[in-house]
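As structure tokens, the structure follows; a few thoughts come after it.
The values are calculated or read from the model by the stated rules, or taken from the named source; none is laboratory data. These numbers come from a predicted model, not from an experiment. Reconstructed Cβ throughout: ideal geometry from the backbone, glycine too, with neighbour counts over all protein chains shown. Just the protein is used for accessible areas: all its heavy atoms, side chains included, with ligands, DNA and RNA removed. Shrake-Rupley method; radii C 1.70, N 1.55, O 1.52, S 1.80 Å.
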Amino acid sequence: MLDVIHHPLRLTADPARVVVRPFHIAIEASAVPGRPGRVRRIAESVLAMDEAEAAIELELVLRDFEARHWQTRAVFRTRYKAIREGLKLDDAAISDIKKQLIGAYFCHEYSYAAAALMNPSVIPHPDQSGLSDGALRIAMSLRAVGEGHISSIAFREGILGPGPMIELMPEPPFATAADGAMELGNGAIEVHRHPDSSLSGTVLFPMTAAQSKGLEDLRLVRFQHDDGAYEWLGTYTAYNGASIRSELMRTSDFRSFTLAPMSGPAARNKGMALFPRKVGGEYMMIGRQDGENVFLIRSDRLDHWGEGQLLLTPEFPWEMVQLGNCGSPIELDEGWLLLTHGVGAMRKYSIGAILLDKDDPSKIIGRMREPLLSAANEDREGYVPNVVYTCGGLRHGDTLFVPYGVADSSVAFGFVSISSLLAAMR
């Protein structure tokens, strides 16, 4: 096994990281004839209070929660607007205090990373200003798992180097959910980071019915279009509790995000990873269409992916159960470096690598016989034992930086020499 430098930093689940989220109750008639539905009953109860009583009740809520969240009153007002629309309330007749209190009854506190923090991917940050020589600013996505095993997307910003070093920017005291969802048609939506919130304090939650139980395993890539412009793209799995589909996240600034379903036979599966540019005039994707092997998929558009070409099958004992990708291919002078994951006996996960031809990625020109990383010792225990997994590494100079999930519970960081990695390939 290669000499991997393991950084001492470790990220873990944190139940103290909370956001305010809408508490949804269907606006419908009561099951009891002659009585209002629950939403209308709650709103009418607040409206029936005198102003002093409503002020006291709102103050009690703010005493408990205002210090724990950012712009709590604004969140309550936003939630009230949704209730107002559903119930057709007379806005002009309702005081601001009662609007906030109604909104508070339809919000709740959600600990978005209480259960697990895992499966990171990493890309160069859009802002590379003010750095010393040998340093690179990065943005990292993380799969955060909270109550009900619902997955969301969290972010952390940091700096790599010089050398095998990583420093993460401090998390802000308050996390905020991206909001202002706007439907774009065909199942796509656009959400926005709050203008005063940092990326490290922003969480993307499920918004559509297809995503209701989770946004899983975002594989980020900095994509260069034909005109040289960069766009940050990410493939992820949308899960509704019964079925999955692959979707595409797009952003040019990490302030507004488009989340859209992809179509085609390949999009019915999970674990898709996009090449960082066109190859031979085509968009290309790595996927696992049969749950067992790795496929190369080509398309003339980013949102539709047909049947792929078989690329890689299990060969070594540590990958005998199944293979998959571990993020987007990384462009080197020697070819496309693709991190893979393999599953062996006792469902033990390992991370390996292959090298694809630069001009024809259907050709494998190098493959590691032994894993780069494997679950061992302190990396074995957790929510799902014996798993190491990444959704994407990053080249920094002559080094490969690999953030990886440990036992579906925490995130660790490793560095390995690219030249030694290539030398280990047969």
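Remarks
- Listed by chain and number, the lysines whose C-alpha is less than 24 Å from the C-alpha of residue 88, apart from same-chain residues fewer than 8 away, are 98, 99.
- In this Cβ point-charge picture (+1 for Lys and Arg, -1 for Asp and Glu), the chain has a dipole of about 760 debye about its Cα centre.
- Estimated [θ] at 222 nm from DSSP helical runs (n ≥ 4, -39500 (n - 2.57)) normalised by residues in the chain, nearest 500: -4000 deg cm²/dmol
- The calculated P(r) of the chain, using every Cα pair and 20 Å bins from 0, goes 25, 52, 19, 3 in percent.
- Distance from region 186-206 to region 1-72 (C-alpha centre basis), Å: 18
- Kirkwood-based shape ratio for region 43-110, expressed as Rg/Rh from alpha carbons: 0.95
- Accessible area in square angstrom per residue, region 380-426, 1.4 angstrom probe: 33
- Of the trypsin sites (Lys or Arg not before Pro) found in region 48-118, those in coil by DSSP whose Cβ has at most 15 other Cβ atoms within 10 Å are 88.
- In the context of the full set of protein chains, residues of region 255-351 present 38 Å² of accessible surface per residue (probe radius 1.4 Å, heavy atoms only).
- Portion, in percent, of the accessible area of the chain that falls on carbon or sulfur, probe 1.4 Å: 50
- Whichever lysines have a C-alpha closer than 29 Å to that of residue 348, once near sequence neighbours (fewer than 8 apart) are set aside: 213, 270, 363
- Mean accessible surface per residue for region 185-251, computed with a 1.4 Å probe while every protein chain stays in place, in Å²: 37
- Cα convex hull volume per residue for region 253-381 (Å³): 146
- Cα gyration tensor shape for region 206-294, rounded if a/c is under 1.5, else prolate or oblate: oblate
- Highest to lowest packing among 271-280, 8-17, 297-306, scored as the average C-beta count within 10 Å: 271-280, 297-306, 8-17
- Cross-link partners for residue 358 among the aspartates and glutamates, with Cα-Cα distance under 12 Å and sequence neighbours closer than 8 places in the same chain left out: 331, 333, 334.
- Relative pair counts by distance (%), Cα atoms of region 1-129, 5 Å bins: 2, 9, 15, 15, 14, 11, 8, 7, 6, 5, 3, 2, 2, 1, 0
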